[in-house]
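Colleague: Dropping a structure here in structure tokens format, bear with me for questions.
The values are calculated or read from the model by the stated rules, or taken from the named source; none is laboratory data. This one's a predicted model, so the numbers in the text were calculated from it and none came from an experiment. In this analysis, Cβ positions are derived from the backbone assuming ideal geometry, glycine residues included, and neighbour counts consider all displayed protein chains. Quick note on the areas: whole protein, heavy atoms, side chains included, nothing else; ligands and nucleic acids left out. Shrake-Rupley method; radii C 1.70, N 1.55, O 1.52, S 1.80 Å.
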Amino acid sequence: MPSTSTDLPGVAELLTAAVAAVGGTERPGQVAMAEAVAKAVRTGDHLAVQAGTGTGKSLAYLVPALRHAVEREATVVVSTATIALQRQLIDRDLPRLEKALEKPLGRKPTFAILKGRRNYLCLNKLDSGMQDEPDDAALFDPFAVSALGREVTRLREWVSDTETGDRDELVPGVSEHAWRQVSVSSRECLGVSRCPIGTDCFAEKGRAKAGRADLIVTNHALLAIDALQGFQVLPEHDLVIVDEAHDLVDRVTSAATAELTSAAIAAAARRAGRICDQELADRLLEAGDGFTLILEDMPAGRMDVLPTPLAGALSVVRDAAYACLSGLGPDQRTSDVEVATARKLAQSQLDEVHDTAVRLLRAFETDDAHRRDVVWRTGDSGSGPPRPPALKAAPLAVSGLLRERLFGQHTTVLTSATLTLGGTFDTMARSWGLPAEQGESAKVEGAATDKAIEAPKWTGLDVGSPFDHARSGILYTAKHLPPPGRDGLPPSYLDELAELMEAAGGRTLGLFSSMRAAKQATEALRKRTDLPILCQGEDSTALLVRKFSEDTATCLFGTLSLWQGVDVPGPSLQLVVVDRIPFPRPDDPLASARQRAVEARGGNGFLSVAATHAALLLAQGTGRLLRSTEDRGVVAILDPRIATARYGGFLRASLPGYWATSDAEVVRAALRRLDAAN
């Protein structure tokens, strides 16, 4: 029988018990956030909470979420962007809360982790031997074939040891190609009722456990798939908490992106040839060859119009894939598992080829202002072996999808250390599909709803940070330097960086806008200083970060993943240097298309897309500096435009309230004092 609200202690009392259990200290921001989450649960209004590093936001949402789940016998979904946060919740926070809240809640709250089906080993595929086709390169590479065989053998041995079949539990891991040999997508799955090993299925066991849990931890990709699919992926739930919400739009966009390649067409044709008329399969194979010839002759980049030859090739691929699907005939409920599995795998690949070709053709049916997708041809990245070209389609916006399928169906709490860009929640709200805030109440509890009919109601709350940014950090803008150019780092930037590093005695995280710039700085400064310099790509990122954290004299240079993935509290990190404002590349197909779409509707495309992208990354990157209340240091932005350009104020307002200066000697003196103190 469900408990009533009078049976259970309030959120404040539960939070106190939880904080005591984990050996922490209750903070005002944490209490304010927990009360706001509890209020959102009661009212059904959505909530966006900015909670700075060190606030303890995980407990602030987990405590009211678990209380609600136990009280209402409901299920709560917590979605994260990174595996690291998933592991923190599953391995550390939730086991402690389970014990701490058992007595006050009257029973032990339960939790589970749920991932997409592709993350679990498929026993049927492993037993049936229905392996995926090898990559074209592997067909002629004996070493690649033997390496793949060794990995698959290891997976066959692992199956007797694992209880979950979860890929993340396999250490060390295996290649993507090897994992594909033993896993299936939801499209490829036979279904528990038809699969001969359905009762032992790892994915089904994970889903069943999640269905019985009070709280499910998942990722943004599965949350997106649940919204995109015509069937329910996640168990029934009434509350969604999106942690790392600054990454939600990018993760949903990625999940909604389709790709067509010659390899995918050929693989679908080979699958089809095993169970339908070979002539139909050959027709699809020939269509793929024609598509490949045309695609290889086209330049990489965004397509504003669909070239006639490519339109013809896509139409032929679409029709040939449809003919193969028709050739499969109706689904016969055969008892032959191998036949059923082969048919399901072929149908899945044919469906994907057909549906992607249809989507690519339809993308150009409307004008710029009303297009739903952007299409582009990929090109070589410049690093690593060359990759065959692909044609991709991604949604210009996911706000409508989120508004309808997330906010329209569940009470939703979104939280991150970085949600207010330019000082308000407006920008992030629009990207999620929520109405822009009215008034200037972003930093107080209360108010942030649009009165439009049927618009989702929501509240924005900034609970601040336990850090005193003005006393703990300096924001140095080097406005005396020239604007960055296109020919690598100017000599004056390298001079400035070298002087700052020497003053800090190492302890430097260099965040660069490109790998080329990071490597240039590494090579140049290794010749000018005795300080050890590590560069991303020279070893695994995790190992480089560990080396950096263990030696205060060491510096670490890198690009995008370091902007968001470094957590090094203490004296090993006291200087974060940003070489240039991280605007998206002008030739980035998705960003440029989104910017153009905003302008086609009369908006400011640069501010809405490019400046917003830069502000979010700057806030994330500079947030690497202060990771504990004892940390001190400097954020140095070498790009002078943050101090001189009109959009500079928007970017600076997206950063914490550091003490700001443009005086290089003041900054170097402060770094020397910090170095001496350590």
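Colleague: Can you classify segment 535-590 as rounded, prolate or oblate using the Cα gyration tensor, where a ≥ b ≥ c are the square roots of its eigenvalues, rounded means a/c under 1.5, and otherwise it's prolate if a/b beats b/c and oblate if not? Display every interim value, and only then the final one.
Modeller: Details: a/c = 2.72, a/b = 1.89, b/c = 1.44.
Since a/c reaches 1.5 and a/b is larger than b/c, the shape of segment 535-590 is classed as prolate.
Colleague: With the cut-off at 1.5 for a/c, could you classify segment 509-553 from its C-alpha gyration tensor as rounded, prolate or oblate? Show your work: numbers first, answer last.
Modeller: Working: a/c = 2.03, a/b = 1.15, b/c = 1.76.
Oblate, since a/c reaches 1.5 and b/c is not below a/b.
Colleague: Only bridges with both residues in the chain count here: give the DSSP antiparallel percent, nearest 5. Don't jump to the answer; show the numbers that get you there.
Modeller: Values: 13 of 60 bridges.
Looking only at bridges with both residues in the chain, the antiparallel portion is about 20 percent.
Colleague: Now for a different question. Among V576, G605, L674, which residue has its Cα furthest toward the positive end of the charge dipole of segment 562-678, with +1 on Lys/Arg Cβ and -1 on Asp/Glu Cβ?
Modeller: Looking along the dipole axis, the top candidate is G605.
Colleague: Sticking with this structure for a sec: What percentage of the solvent-accessible surface of the chain, computed with a 1.4 Å probe over protein heavy atoms, is contributed by carbon and sulfur atoms? Present the calculation step by step, with values, prior to reporting the outcome.
Modeller: On the way: 15450 of 30590 Å².
Ligands and nucleic acids excluded, carbon and sulfur give 51 percent.
Colleague: Okay, moving on. Let's test the formula: R0 of 30 Å, r as the Cβ-Cβ distance of L306 and S186. What FRET efficiency results, to the nearest 0.05? Before the final figure, lay out each step's value.
Modeller: Numbers: r = 30 Å, r/R0 = 1.01.
That pair, L306 with S186, gives E of 0.50.
Colleague: When only the heavy atoms of the protein chains count and the probe is 1.4 Å, how do I275, I216, I474 rank by accessible area, highest first? The partial results should precede the final answer.
Modeller: Numbers: I275 60, I216 0, I474 30 Å².
Result of the area sort, largest leading: I275, I474, I216.
Colleague: Kindly flag which residue pairs out of K115/K209; K57/K457; K103/K209; K39/K457 have an alpha-carbon separation exceeding 18 Å in this structure. Write down the numbers at each step before the final one.
Modeller: Numbers: K115/K209 12 Å; K57/K457 22 Å; K103/K209 23 Å; K39/K457 13 Å.
Listed pairs above 18 Å: K57/K457; K103/K209.
Colleague: Taking the Cα centre of each part, how many Å lie between segment 73-97 and segment 557-581?
Modeller: Measuring centre to centre over Cα atoms gives 26 Å.
Colleague: Just to confirm my numbers, what's the Cα centroid distance between segment 240-254 and segment 169-223 in Å?
Modeller: Rounded to whole Å, the Cα centres lie 21 Å apart.
Colleague: Also, I was wondering about something else. If r is the Cβ-Cβ distance from K457 to D282 and R0 is 51 Å, what FRET efficiency results, to the nearest 0.05?
Modeller: About 0.35, to the nearest 0.05.
Colleague: Go ahead and run the numbers for FRET between A669 and L543, Cβ-Cβ distance against an R0 of 35 Å, rounding to 0.05. Don't skip to the end; give the middle numbers.
Modeller: Values: r = 34 Å, r/R0 = 0.97.
Rounded to the nearest 0.05, the efficiency is 0.55.
Colleague: For G400, what charge total do you get from the other residues with a beta carbon under 12 Å from its beta carbon, if Lys and Arg give +1 and Asp and Glu give -1?
Modeller: Working: positive: R372, R403, R405, R430; negative: E404.
Taking every other residue near G400 into account, the sum is +3.
Colleague: Extending each Cα 7 Å along its Cβ direction at A645 and K527, get the distance between those two points in nm, one decimal.
Modeller: 3.0
Colleague: Grab the Cα-Cα distance for E102 and T366, subtract it from 0.36 nm times how many residues apart they are, and report the gain in nm with one decimal.
Modeller: Values: separation 264, 0.36 × 264 = 95.04 nm, distance 5.66 nm.
Taking E102 through T366 to full extension adds about 89.4 nm, to one decimal.
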